[in-house]
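To start, the structure itself, in structure tokens.
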Amino acid sequence: MAMVTGRSAMVVIPPYDHASTLGLSVASALEQTIPDLDIVVLGDGVGDDTRAVMADLCRTDSRVRFVDRPKGESRNEVLRHEVVSAATAPVVTYLGDDD
């Protein structure tokens with residue numbers, strides 16, 4: 001997994017069947033006062049609708065990344081651990097995709 005270095009904070013967004021609200025969640029994170037964010041959306045067995053939304057968001061802003069994986073066990077804590085463990089930012093936060 002590619003790491004992003006030099007960011008002040010990482011925002012982890014684990015979507016669950018909310019492709020229609022995912023863009024709003026990512027936009028909310030991007031509108032924060034810290035401009036150097038690493039926004040990572042975790043694709044835990046998501047559908048093609050979520051992949052399409054994420055393709056647009058990643059193309060639009062280099063601070064947004066999508067880690068697309070097959071459905072893991074439970075809430076795919078293994079994937080979450082992998083992403084958070086690879087973080088170089090001193091602050092890691094969590095944002096629900098429907099918040």
Is it possible to state the helix-based mean residue ellipticity at 222 nm for the chain, with each DSSP H run of 4+ residues giving -39500 (n - 2.57), the sum divided by total residues, to the nearest 500 deg cm²/dmol? What is it?
-10500 deg cm²/dmol
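Specify the longest stretch of the chain that does not include any exposed loop site, a site being one of the trypsin sites (Lys or Arg not before Pro) with a non-H, G, I, E, B DSSP assignment and at most 13 other Cβ atoms within 10 Å.
Counting only loop sites that pass the neighbour cut-off, the longest clear stretch is 1-70.
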The chain: relative contact order as a whole-number percent, Cα under 8 Å and 6+ apart:
45 percent
Given the options VAL11, VAL40, VAL53, which has the most mean-square fluctuation in a GNM of the chain, springs set between C-alpha atoms less than 10 angstrom apart?
VAL53
Provide the three semi-axes, in whole Å and in decreasing order, of the ellipsoid equivalent to the chain as defined by the square roots of 5 times the Cα gyration tensor eigenvalues.
19, 16, 12
Please list ILE13, ILE34 in order of solvent-accessible area, largest first, computed with a 1.4 Å probe with all protein chains present.
ILE34, ILE13
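The values are calculated or read from the model by the stated rules, or taken from the named source; none is laboratory data. Nothing here was measured: the structure is a model prediction, and the numbers come from that model. Positions of Cβ are backbone-derived with ideal geometry, glycine not excepted, and every protein chain shown enters the neighbour counts. All accessible areas refer to the heavy atoms of the entire protein, side chains included, with ligands and DNA or RNA removed. Shrake-Rupley method; radii C 1.70, N 1.55, O 1.52, S 1.80 Å.
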